[in-house]
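The values are calculated or read from the model by the stated rules, or taken from the named source; none is laboratory data. Keep in mind the model is a prediction, meaning the values are calculated, not measured. Every residue, glycine as well, gets a Cβ built from its backbone with ideal geometry; the counts of neighbours run over all protein chains shown. Surface areas here come from the heavy atoms of the whole protein model, side chains and all, with no ligands, DNA or RNA. Shrake-Rupley method; radii C 1.70, N 1.55, O 1.52, S 1.80 Å.
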Amino acid sequence: MTKTTAGTRPGNSGRAAWADKLELDLVLVHRVPRELVNRVREEVACAVTETGQSAEELFGPAEEYATAVATERVDAGPRSTRDFEGRTSATHFRQGMVAGGITVLIMATVGTFGDEDRSGASVLLLSLSASLLVAASFAVLPALRAAGRTGAAWLYGSGAGVIAAAGIWLASLPAAQDAHSFPFPPFAAAGFALLLGALGLATPERVVSRWFSPGEGRWLDNEQWLCRLGELLYGRHGLPMRTAQQHVTEAREHLAATGRAAQQELGQVEIYAMNLTDGPIREVQRVRHQFLGSLSSMAVFAVLFTLTLTDSDSGGATPWVHAVLFVCSGAVAVTFLRKMRVR
């Protein structure tokens, strides 16, 4: 089936736009299996042909219909392992390792590690520190958050930050800068980038899932179940801490009134947490976190711009690149803020 048959009314210039939006949401946001996506498109095309109405008139906005399809027609078990972005811990880790590798490669290419005055030891320490930091930031922390292990995410993040800072400090010491005991060509720093990407692509998804969610679906007593519920609502599904705790309190009171075990009364905790956050609230949380991420980027680029602008040794285009990135982050933040207000 071609895309032109699954759009709105025949002859309409935007006949495929709705179906394309539906497919993108199903695949990229909800991670719906391809066979179901194709089946839904065929159903939409048949309904449009039979009734003569547009797809939007029949099914509503594409993003809302995509949410309904994902909620009603995808098994709850696999869906419950995905966060508010539609990604599992394994997906976050693998994509993050590739993204981190690209970041390190760019840093190496533009000369972050390419200063010819640096010794092999200094370049090696800087390469290791940067690789560790971007791997933690891009891959490990998002994966732990999606697994609902926010405490572990803070612990690993703090540890990675301390180790990376120590590596950068050691690289700045005269002993490291003056060391010439072994050659380490600056361009070899790109090897760390390739290693990060290769690890992300080569590690099987089931192995990564066991790393970050080793006890998914296991039997829990009431206190373990309630504690896990709070972790999932706050970490995996992105609810504010206060809202997550309110849901935990309500579940606790309900269990106290019934006297039954949580898993018998309310079911598997991962599915229960997903059901609490299904629907429009999931999109709200996704936009909210994207907005907060844009604000964080603005803060980082503002600091970098200030530091490079006040540094007498820095010049050229570097400060203004940071300024442009700051403005771009601000524009993105404004876009997400408008979306939040509309919702």
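So which residues in segment 125-141 are farther than 16 Å from residue 192 by Cα and surrounded by fewer than 23 Cβ atoms within 10 Å (Cβ to Cβ), if there are any at all? Scanning segment 125-141 gives a single hit, 141. Scanning segment 276-287 for residues that are open to solvent by 50 Å² or more (accessible area, probe 1.4 Å) and free of Cβ contacts under 8 Å to residues at least 60 places away in the same chain yields 276, 281, 284.
Regarding residue 206, is this residue surrounded by 21 or more Cβ atoms within 10 Å (Cβ to Cβ) and among the charged types (D, E, K, R)? Here the answer is no, as residue 206 does not meet what is asked. Is segment 65-72 home to any residue that is surrounded by fewer than 19 Cβ atoms within 10 Å (Cβ to Cβ), out of contact with any Gly (no Cβ under 8 Å at 6 or more places or on another chain) and closer than 16 Å to residue 283 by Cα? The answer is yes, given that some residue of segment 65-72 is surrounded by fewer than 19 Cβ atoms within 10 Å (Cβ to Cβ), out of contact with any Gly (no Cβ under 8 Å at 6 or more places or on another chain) and closer than 16 Å to residue 283 by Cα. Given the criterion open to solvent by 20 Å² or more (accessible area, probe 1.4 Å), over 29 Å from the mean Cα position of the chain (by Cα) and either on the phi < 0 side of the Ramachandran plot or not aromatic (Phe, Trp, Tyr) (or both), identify the matching residue among 252, 228, 218, 242. Answer to the check: 252.
Out of curiosity, is residue 76 modelled with pLDDT under 80, closer than 28 Å to residue 149 by Cβ and among the small types (Gly, Ala, Ser)? Taking the combined requirement at face value, the residue satisfies it. If you go through segment 259-275 and keep only what is more than 30 Å from residue 338 (Cα to Cα) and either basic (Lys, Arg) or open to solvent by 60 Å² or more (accessible area, probe 1.4 Å) (or both), you end up with 259, 260, 264, 268.
Within segment 204-249, restricting attention to residues that are under 18 Å from residue 76 (Cβ atoms) and polar (S, T, N, Q), the residue that is modelled with the lowest pLDDT is 213.
Taking segment 194-288 and the helices (runs of 4 or more DSSP H) fully enclosed by it, the elements with 3 or more residues that are touching a helix residue (DSSP H, G or I) at 6+ places or on another chain (Cβ under 9 Å) and under 27 Å from residue 30 (Cβ atoms) are at 205-212, 222-231, 241-258, 269-277. Summed over segment 48-101, the residues that are within 15 Å of residue 237 (Cβ to Cβ) and aliphatic (A, V, I, L, M) give a count of 2. Every condition in (1) modelled with pLDDT under 75; (2) assigned to a loop (DSSP other than H, G, I, E, B) is met by residue 148 except one, and the failing one is (1).
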